[in-house]
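Before any comments, here is the structure.
What follows draws every value from the coordinates through simple rules; no lab data is involved. Computed from a predicted structure; not experimentally measured. A quick note on method: Cβ atoms are made from the backbone with ideal geometry, for glycine too, and the neighbour counts reach across all protein chains shown.
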Amino acid sequence: MTKETFMIEEISKEIVCLLMEEHCMDISNALRTLYSSDTYSKLSDIATGLYAQSTAYVYEYLEHELLTGKMA
């Protein structure tokens, strides 16, 4: 596992927990929400560098996407 992959997985895990807490989602819905989002697509693309940002920063992008239907 590369450092980048590890960071992506850690941020993903933390975001799923936030979705469960803040949006009262069960784990299946939280995983589906994250993995089907444009935010996750950008997060998992190492070229974007989004994986190197904080969980809170990435979560803001996801929150915006959930509210507006598109990434910030």
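About its Cα centre, the dipole of the chain is roughly 180 debye, where the only charges are +1 on Lys and Arg Cβ and -1 on Asp and Glu Cβ. Relative to the longest principal axis of the Cα atoms of the chain, the long axis of helix 3-22 lies at roughly 10 degrees.
Which FRET efficiency value, to the nearest 0.05, is calculated for GLU22 and ILE46 with the Förster distance at 30 angstrom and r the Cβ-Cβ distance? Taking R0 as 30 Å, the efficiency between GLU22 and ILE46 is 0.65. Rounded to the nearest 10 degrees, the inclination of helix 55-68 to the longest alpha-carbon principal axis of the chain is 50 degrees.
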